[in-house]
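Q: The structure is given below, and queries will be raised subsequently.
All of the numbers you see were taken from the coordinates with simple rules; none came from a lab. Everything numeric here is computed off the predicted structure, so don't read it as measured data. Ideal geometry is used to build each Cβ from the backbone, glycine not excepted, and the neighbour counts take in all protein chains shown.
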């Protein structure tokens, strides 16, 4: 999936590996995370497949940089992937896997587990505050600025998802506290 994310970004215009990493950090990380090393490794794979090409750009007083751009066959691969029937809707969730087996831990530890998830939700929502200005910034850099509506849709999904997770953790904490109170009443 990372390769298609990179192809999608390069379809908007040529970028350095650093630019791609920043774009992930500023926008895509809300639904797909990638380490810098993964991005550079994937760029090499894409280049080997002929889906991207690179150009060395000389800079005064700085090291040269590589500018990557999508090739015609890369655009074909991106479009092939976008037309796949598989929506990619998966139910893999480390949070739910750990929750399923939390009965092995104490109620107090489990309450703390859910509180950590809540803290991550709050951090995530705070990070999303930077998204609208980033959309405006990137919107000016692409050929089709109307693509920004799809970026906005992904941010809205992210916000709604995190709010749901936060509500769910509140419910889990309440249920655990109720369970703890019931056991102390006996």
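Q: Please work out which option in (1) 1.05; (2) 1.33; (3) 1.48 gives Cα Rg over 2.2 N^0.38 Å calculated from these coordinates, and answer with its label.
A: Structure-derived value, by its label: (2).
Q: Quickly work out the residue 90-to-residue 178 label distance, labels modelled 7 Å from Cα along the C-beta direction, and quote it in nm with one decimal.
A: Calculated label separation equals 3.4 nm.
Q: Can you give the FRET efficiency for residue 146 and residue 79, using 1/(1 + (r/R0)^6), R0 = 22 Å, r = Cβ-Cβ distance, to the nearest 0.05? Kindly include the intermediate steps, with their values, before the conclusion.
A: On the way: r = 18 Å, r/R0 = 0.81.
About 0.80, to the nearest 0.05.
Q: When the Cα centres of the stretch 1-43 and the stretch 144-186 are compared, how far apart do they sit, in Å?
A: 27
Q: Quick one: order 120, 77 by neighbouring beta-carbon count within 10 Å, fewest to most.
A: Values: 120 15, 77 19.
Result, fewest neighbours first: 120, 77.
Q: Which order do 24, 113, 31 fall in if you start with the one that has the fewest other Cβ atoms within 10 Å? Display every interim value, and only then the final one.
A: Values: 24 22, 113 18, 31 12.
The most exposed by this proxy come first: 31, 113, 24.
Q: In percent, how large is the relative contact order of the stretch 1-89, given Cα pairs closer than 8 Å and 6 or more residues apart?
A: Working: 94 pairs, mean separation 30.7, N = 89.
Relative contact order, the stretch 1-89: 35 percent.
Q: Would you please calculate the Kirkwood hydrodynamic radius of the stretch 91-186 over all C-alpha pairs and express it in Å, rounded to one decimal? Each step should come with its number before you reach the end.
A: Details: mean 1/r = 0.0631 Å⁻¹.
This gives a value of 15.8 Å.
Q: Quick check: convex hull over the Cα atoms of the stretch 1-89, volume per residue in Å³, rounded to an integer?
A: Details: hull volume 8.8 nm³, N = 89.
Normalising the Cα hull of the stretch 1-89 by residue number yields 99 Å³.
Q: Can you give the angle from 0 to 90° between the axis of helix 148-185 and the longest principal axis of the chain, with both taken from C-alpha atoms, to the nearest 10?
A: Roughly 20 degrees, rounded to the nearest 10.
Q: Tell me the mean residue ellipticity at 222 nm calculated for the chain from its helices only (DSSP H runs of n ≥ 4, each -39500 (n - 2.57), averaged over every residue, nearest 500).
A: Values: 8 runs with 122 residues, N = 186.
About -21500 deg cm²/dmol.
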